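Right, one structure below, let's go through it.
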Amino acid sequence: MTSSPSYLMQTYARQPVSFSRGQGARLWDTQGVEYLDAIAGVAVTSLGHANPEIAAVIAEQAGQLLHTTNMFRIEWQEQLGERLCALSGMQRAFFCNSGAEANEAALKLARLHANARQVAQPQVLVMENSFHGRTLATLAATGNPAVQRGFEPLMPGFLRVPYDNIEAVRQAAAQSPDIVAVLVEPVQGEGGVHAASASYLQALRQLCDEHDWLMMVDEVQTGMGRTGTWFGFQHAGIVPDVITLAKALGNGFPIGACLARGTAAELFSPGHHASTFGGNPLACRVGCTVLDIMEREHIPQRAATSGHRLLAALHEALNNHPNVVSIRGLGLMIGIELDRNCAELVGRARDEQHLLITVTRGTTIRLLPPLICDEAQIDDIAERVIRLLS
Ligand code: PLP
């Protein structure tokens, strides 16, 4: 490495490695050492590193037109909006540049919904253990004190209940007439890989209908095939009012989206919300290409099949492991919870197994491999994890 990291703000505890090249599920560091990537940039590079089709599209679009402004029509944005709406059951899209920004748009929709209902002190119901981003609104929505510490006073307007617990939502509904929306992840990723049950999401949908709450589903990590369906909520057979996306939508090119249907899709009018870079021709053309590849190669189905394969291998080898508390997941979003803090396994996996993993909430190994992994790579990930834990 040529430059020192000391000029960077100390927002990350960085690992002592830097990558210079990638291909599919593999990365090479600046010394030429090869690694198997079971993080995928935290659920971002689902179609692999240096995907040639995406690289070609970026180069071509960069040579044609990068950016105009949202004061003009942008054809790639219109196409991406239409295709995402068709896949998700939504009706309109707002494009931005990150997951937090997508959630900010959703939270602004909740405020406009409150305004229309004449609720002066609106509350958005959010979950314990959730993660929604690092902006001031999304960190207040996040159910992790470590994310919030030092940033008080937190933005008001959030009411927190335990995750996957419909009784808690019913009680909140009975006690708080000012609730206007719910924001929920179908699978809590940063929170330790916990999936909500289908019956919970179905009951939540029903409560939203009964109380005129917007059902807002944070699909930033779960969306775009990660859990084995296009979107995590589809496992429950429901349709939310608002969904947020980012991460894999650009396969590493920054793009986020807030999609809405019904009255929620009509809440924004000109002047309400904007983003200079949001939805520019380059980002949206990349998004369209991601969809082309995912549709052609049946990526959500492949994630489901690979996820079963990986989970089965992990269960078979680790179910009786004395330190393994639980092995769980949906699609290629998998958590292995241990009975102790295991943050040191990140470095050991990297240095001893040449495998890139994350540990979330201190005790859970999280695997988020690229969705294009073939069977041999899935088996290789399983073998390296099993060796790591043995
Ligand atoms: N929502 C969820 C569920 C996430 O997992 C994340 C990031 O990990 C975010 C929101 C924030 O996304 P971003 O880092 O792009 O702002």
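H315 meets each of the listed conditions (1) in the same structural domain as A376 (by TED's automatic domain parsing); (2) over 27 Å from V239 (Cβ atoms); (3) surrounded by 21 or more Cβ atoms within 10 Å (Cβ to Cβ) apart from (3). The set of residues in the range 158-178 that are assigned to a strand (DSSP E or B) and within 25 Å of S326 (Cα to Cα) contains only V161.
Given the structure, is L36 touching a strand residue (DSSP E or B) at 6+ places or on another chain (Cβ under 6 Å), among the aliphatic types (A, V, I, L, M) and either in the same structural domain as A349 (by TED's automatic domain parsing) or modelled with pLDDT of 95 or more (or both)? Answer is yes for this residue.
Scanning the range 229-254 for residues that are more than 12 Å from the ligand (Cβ to nearest atom), buried (at least 24 other Cβ atoms within 10 Å of the Cβ) and assigned to a loop (DSSP other than H, G, I, E, B) yields F231, P240, D241, N251. From the list G335, G331, the lone residue that is buried (at least 17 other Cβ atoms within 10 Å of the Cβ), in contact with a helix residue (DSSP H, G or I) (Cβ under 6 Å, 6 or more places away or on another chain) and not aliphatic (A, V, I, L, M) is G331. Take the conditions (1) part of a helix (DSSP H, G or I); (2) touching a Cys at 6+ places or on another chain (Cβ under 7 Å); (3) away from the ligand (no atom under 16 Å from the Cβ); A102 misses just one of them, which is (3). Does E167 qualify as being within 12 Å of the ligand (Cβ to nearest atom) and among the charged types (D, E, K, R)? It is false that E167 is within 12 Å of the ligand (Cβ to nearest atom) and among the charged types (D, E, K, R).
Among the residues in the range 143-151, are any in contact with a Gly (Cβ under 8 Å, 6 or more places away or on another chain), at pLDDT 95 or above and within 16 Å of the ligand (Cβ to nearest atom)? There is at least one residue in the range 143-151 that is in contact with a Gly (Cβ under 8 Å, 6 or more places away or on another chain), at pLDDT 95 or above and within 16 Å of the ligand (Cβ to nearest atom). Among residues of the range 186-203 that are away from the ligand (no atom under 16 Å from the Cβ), those with a beta-carbon under 9 Å from a residue that is in a loop (DSSP other than H, G, I, E, B) and at pLDDT 95 or above at least six positions away or on a different chain give the pairs S197/D164; A198/G237; A198/I238; Y200/Y163; Y200/D164; Y200/N165; Q202/G237; Q202/I238. Name the single residue, out of those in the range 119-137 being over 18 Å from H194 (Cβ atoms) and near the ligand (Cβ under 8 Å from one of its atoms), that is nearest to the chain's Cα centre (by Cα). That would be G133.
The residue pairs whose first member lies in the range 95-108 and is closer than 17 Å to C284 by Cβ, whose second member is of a type in the set (S, T, Y) and near the ligand (Cβ under 8 Å from one of its atoms), and whose beta carbons are closer than 6 Å, counting only pairs six or more residues apart or on different chains, are A102/T244.
Only one of the numbered conditions (1) away from the ligand (no atom under 16 Å from the Cβ); (2) touching a helix residue (DSSP H, G or I) at 6+ places or on another chain (Cβ under 6 Å); (3) in contact (Cβ under 8 Å) with a residue 60 or more places away in the chain is not met by T222, and that is (1).
Yes or no, residue by residue, for (1) polar (S, T, N, Q); (2) buried (at least 18 other Cβ atoms within 10 Å of the Cβ); (3) part of a strand (DSSP E or B):
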position: V180; (1), (2), (3): no, yes, yes
position: Q206; (1), (2), (3): yes, no, no
position: D209; (1), (2), (3): no, no, no
position: R226; (1), (2), (3): no, yes, no
position: A274; (1), (2), (3): no, no, no
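Selection of the range 339-390 for residues being surrounded by 17 or more Cβ atoms within 10 Å (Cβ to Cβ) and charged (D, E, K, R) yields R350, R361, R366, D380, R384. Close contacts from the range 325-342, counting a first residue that is assigned by TED's automatic domain parsing to the domain that holds I39 and at positive phi and a second that is surrounded by 20 or more Cβ atoms within 10 Å (Cβ to Cβ) and of a type in the set (D, E, K, R), with Cβ to Cβ under 7 Å and a gap of 6+ residues or different chains, come to G331/R226.
Taking the range 71-92, which residues are within 16 Å of K247 (Cβ to Cβ) and crowded, with 22+ Cβ neighbours inside 10 Å? L80, L84, S88 - these are the residues of the range 71-92 that are within 16 Å of K247 (Cβ to Cβ) and crowded, with 22+ Cβ neighbours inside 10 Å.
The values are calculated or read from the model by the stated rules, or taken from the named source; none is laboratory data. Predicted, not measured: the structure shown is a model, and the values here were computed from it. Cβ sites come from the backbone with ideal geometry, for glycine too, and all protein chains shown count toward neighbours.
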